[in-house]
1. Using unit Cβ charges (K, R positive; D, E negative) and no other charged atoms, how large, in debye to the nearest 20, is the dipole of the range 259-364 about its Cα centre?
2. What percent does the relative contact order of the chain come to when contacts are Cα pairs within less than 8 Å and at least six residues apart?
3. What value does the range 574-661 have for Rg/Rh, both radii from Cα atoms and Rh as Kirkwood defines it?
4. For the range 551-636, state which trypsin sites (Lys or Arg not before Pro) are in a DSSP loop and have at most 11 other beta carbons lying within 10 Å of their beta carbon.
5. For a quick protection proxy, order the peptides 40-51, 79-90, 346-357 by their average other-Cβ count within 10 Å, most packed first.
6. Could you go through the range 35-52 in sequence order and give the Karplus-derived ³J(HN,Hα) for each residue, using 6.51 cos²θ - 1.76 cosθ + 1.60 with θ = phi - 60°, rounded to whole Hz, and x for Gly and Pro?
7. Counting only residues 5 or more places away or on other chains, whose amide H sits under 5 Å from the amide H of G745 once H atoms are built in the peptide plane?
8. Taking only Cα atoms of the range 171-262, what ratio of Rg to Rh do you get with Rh as the Kirkwood inverse-distance radius?
Amino acid sequence: MPDALLLIAAVGLPFIGAIAAAILPTHARTAAAVLAGATALAELALVWAAYPTVAAGGILRHAAEWMPSLGLDFSLRMDGFAWLFAGLVSGVGALVVLYARYYMSADDPVPRFFAFLLAFMGSMMGVVLSGNLVQLAFFWELTSLFSFLLIGYWHHTAAARDGARMALTVTATGGLCLFAGVLILGHIVGSYDLDRVLASGDLIRSHQLYLPALVLILLGALTKSAQFPFHFWLPHAMAAPTPVSAYLHSATLVKAGVFLMARLWPVMSGTEEWFWIVGSAGLATLLLGAYVAIFQHDLKGLLAYSTISHLGLITLLLGLNSALAMVAAIFHIINHAAFKASLFMAVGIIDHETGTRDIRRLSGLNRFMPFTARLALVAAAAMAGVPLLNGFLSKEMFFAEALSAQASLTLLLDILPFAATVASAFSVAYSLRFIHGAFFGPDPVDLPRTPHEPPAWMRFPVEILVLGCIIIGVLPSASVGPYLDMAAHSALGSATPDYSLAVWHGFNLPLLMSFTALAAGIVLYLALQRHLRKGTEGPPLIRRLEGRRMFERTMVFLSWRLARSLEGVFGTRRLQPQLRLVVCAAILAAALAVYMRVPGPGNLMPADIDPVLALIWAIGAVCALGAARQAKFHRLAALILLGGTGLVVCITFVWFSAPDLALTQLLVEVVTTILLLLGLRWLPKRLDIPGSREVLTMARRVRDLSIAIAAGGGMAALAYSVMTRVPPEILAQHFLERAYAEGGGTNVVNVILVDFRGFDTLGEMTVLGVVALTAYALLRRFRPASDSVDVPEQQRDQSAYDKARPDRTEGDTVADWLLIPSVITRLLFPVIGVVALFLLLRGHDLPGGGFAAGLTASIAIILQYMVGGTQWAEASLRIRPMTWIAVGLLLATGTGMAAWAAGRPFLTSYFAYAEIPFIGDVPVASALIFDIGVFALVVGATVLMLIALAHQSVRGHRAVPRPAAAQAATTPAPVQVAQQIPAGED
């Protein structure tokens, strides 16, 4: 398989599987599990397919140009280190899927669960395989998003909602810091490409921005890996289903942080700053997590804090600035994934079969589920570092590094051997509590369910993982040695040290420390029996230092006290003061930028002013000033005058031979004017009552006029400064020469929109779609003001006339009293549609394009709503605006992806001539598909906002209930028709 296809499939396949799972029926548990399992196994097969290349020291690469001018590419990269993590993500993921099939209840929406799980798997693969730092940061935030959905899967429980919110808040905030650090790192290196960054270690460490970049990147890594002081979110994430905990907290989410630190270790380590930040955080987390784990009564809580401790161990190893410690960290990442995933699954089995995870209620389960007990015993022994198991080997390497570091450095590392022994003793104590408390002792009483062994296939993933713990512990060199060596060499290169994975290294100090820790842990557990039997919540000494309480207090301060204070200063319920603040902030930001760059007028002399054009602009200025003057109390007049200004702008474009812009401006004026008129119908009346806040005093008028002059004058000055610097001919020549040669079109404006600046257009399309959805969502909750509910006088008079007609029926609509316009507009609908199609197809070579065509089609639909009424229009046209928006975005994005598939930059157009019989050669450009996407999105967004406004008649009528007689006398036919619309369609 080609490298590019393998890497793209490795990242994209889980997302495709997630979409497929999401559309399955709610209770298709088996089908969703089969789909997810097949996807995970395919992922694992793809990873193994890459093994021969990476084992030989090669690197699989694929890069597709995205924004080459900014150094941004879609880049995938797999070396031995990334291969190891990809294997963990896919291998453990496949086992978790099988386990989840039997763990999840048939009453749960299991397809949604597997959709989230697969999307998270794809996000982790994106983090591991990204060859571009900005791209890595993007997938990093995706892992936070999908972990939030997985942790909050049982959203009907408060614990799940709180845990998901806490995890998202901490990890996403760290992700923002990571993104800022990545930008600084890219600035230092001059590229975001991972290969170039990894080759620039000396440059990075010697740069003056090294410390800010280091702090920001480590904030992202430490928050994701739950390191002190950000460790508190992970125990509360235990509210997730156990398969989620087994996956996120053994091989994926929390390992992302240590993966990032290990990935950047060659270029960012080796400094005092790295040692003190990473080493201190790791040591504090190692001790704190292990100590708190001993006193947890929830089995998942115990494993959560033990995970925090082991992540601290890995972080501490990475902070020692030692290549051998780096190898030990990678080795422990593998070992921890094996025994921690199996332990979480064992806890899930206990919870599934007994109905509780409270260790105070559990005992003697060894007699009811002996196989599960033995599996859990081996996994817990590996976690405790018992000899001949995998955890013992990496712990021995940790002890050896603690001793060698202590011999070469001072201060913090003087206590490192002692701290390592104490932490290991704590791990023995909580491992003993896990096994002894759950599986030994008297028979349990008053359990929610009678305990028994789980289904064989539910236990199978635990058996595989425990077998791995044993094989690695007994035969480390043969089992995991080649993979560890491959990962170490790809991460460290020529700095890879010599090391040994032998089980026996003779009697030495690390072995003595291991047996000391084992003995001390047993003694500690026995000494704590009386305290543990009391069932006291929280660990002694630091019981009041609860991370959740601190987090909640911080959130309350930020979202309540600080936010309320800022709201009291800047906030208001009225729109105009809000707009005033926004405009003033924009003016200040622009003024700061201008002050820093100090742009002034250019060298070009302004052209002579044509008297006719000056007169036209004077008319536009009068209309604009009149609109501003009338906007407060005469909205209709202001809107008409504003339309006059828009027409002046349209004429200006025609004057300067810009037909594309003139056509677009004219269509925008038509659509926005109609939509604004529909919106004015539901706004409350403005009354100039003395003493009211609505009164415009002279001071307020002067203030608002000053702000308007500052904003408008500033934009005018900035535009003048730009346009007097470079002659328009020079700017245009670049596009005129390349429009047909590279874009396949002679309409330069359209080629710029769909090709040269296609990415900008795609962003604007996305914004327009989001705005339309937001407007629709807001207007669904909007309730018209009471003084705007009554039917307008002209419609009331027409309604009274209609009721007097002897031939009137209940089916009468607006068309009954707008007969001639309704007939004309219905006949014009296909004509306008043909015009829209004409503008769409000619847009690449002549004035037109998708945007103008979409507005034209929207005008046709708006006219049908106006003359036929909401119900008739929606019943006749059957338009689905959200589908149009989705199709538009998919078509536009698909065009860019197709360019990638052809090995060209994102959204690069392709054009050729197609020979059609009897017609001849016809130019065909891929930009037409992009333009169709623009057309579909513009139609969908416009009509969605139209529907939101049109349906206000129903809410307006319901807002003020009136007697039946009065309602019959004053309610016109269109309102009666609109009332029949189902509530769900509002």
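FYI, it's all coordinate maths here, none of it is from the lab. These figures come from a predicted structure and were not determined experimentally. Cβ atoms come from the backbone with ideal geometry, glycine included; neighbour counts cover every protein chain shown.
1. Working: 6 positive and 6 negative charges, 37 e Å.
The calculation lands at about 180 debye.
2. Value for the chain: 9 percent.
3. Numbers: Rg = 17.3 Å, Rh = 16.1 Å.
Dividing the radius of gyration by the Kirkwood radius yields 1.08.
4. Values: sites: R553, R561, R564, R573, R574, R580, R597, R629, K632, R635; in loops: R573, R574, K632.
Answer in residue order: R573, R574.
5. Working: 40-51: 19.1, 79-90: 25.7, 346-357: 22.1.
Answer by packing, highest mean first, reads 79-90, 346-357, 40-51.
6. Couplings: 4, 5, x, 5, 5, 5, 5, 5, 4, 5, 5, 4, 5, 5, 5, 8, 4, x Hz.
7. When sequence neighbours closer than 5 places are left aside, the close amide H contacts are Y740.
8. Rg divided by Rh gives 1.06.
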